[in-house]
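My questions will all concern the structure given below.
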Ligand code: SF4
């Protein structure tokens, strides 16, 4: 049974290597959004390539389909976007940053406090443009739900990580095929940089 009280424009994540990490960085993470390149230029280049964005959207949609098929359903409490509280960090590629920043965030200053500036209350205002990590990470409650609600059993712990790595590889290859700059860095730091903040 699906929970009708769950707001539609929200979402969410789990653990392991689903684009979220604890106190370590993914092996392929950059130290900055686009080391050696001007970040805003790299993001603009991705955003200007309509074919790239279209294909990226298709890859990201695969994550939503896979999550639905696995039985995951975000309960929209918004806790996992508060990285200052969870201790986790969300990483995203240049192209994903280009997509999520197609619209300005409602709370740009939030990224200075390790929170996503696209979060409004408990909800995601970038639902259709959110990065891969946002689509592959689900907390325990998303699998088990309240009694009589979602009811899906959690898949093996590796599920999120495997899905993430498979789709992230496609995203990385997409940058290569389109000749676009690829970097992979922590979301709030990247957004702060793009928004012109210093921290
Ligand atoms: S884009 Fe931000 S608010 Fe939306 S799901 Fe991802 S981390 Fe949360």
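No lab work stands behind these numbers, since they all come straight from the coordinates. Computed from a predicted model, the values in this text were never measured in an experiment. With ideal geometry, Cβ positions are generated from the backbone for all residues, glycine too; neighbour counts draw on all protein chains shown.
Hey, can you tell me all the residues within the stretch 106-126 that are within 10 Å of the ligand (Cβ to nearest atom) and touching a helix residue (DSSP H, G or I) at 6+ places or on another chain (Cβ under 9 Å)?
110, 111, 115, 116, 117, 118, 119, 122, 124, 126, listed by residue number.
Yes or no: the stretch 67-75 includes at least one residue that is over 17 Å from residue 139 (Cα atoms) and not in a helix (DSSP H, G or I).
No; the residues of the stretch 67-75 include none that is over 17 Å from residue 139 (Cα atoms) and not in a helix (DSSP H, G or I).
What is the residue count in the stretch 76-105 for residues that are farther than 16 Å from residue 193 by Cα, near the ligand (Cβ under 10 Å from one of its atoms) and either part of a strand (DSSP E or B) or without any contact (Cβ under 8 Å) to a residue 24 or more places away in the chain (or both)?
Summing the residues that are farther than 16 Å from residue 193 by Cα, near the ligand (Cβ under 10 Å from one of its atoms) and either part of a strand (DSSP E or B) or without any contact (Cβ under 8 Å) to a residue 24 or more places away in the chain (or both) in the stretch 76-105 gives 1.
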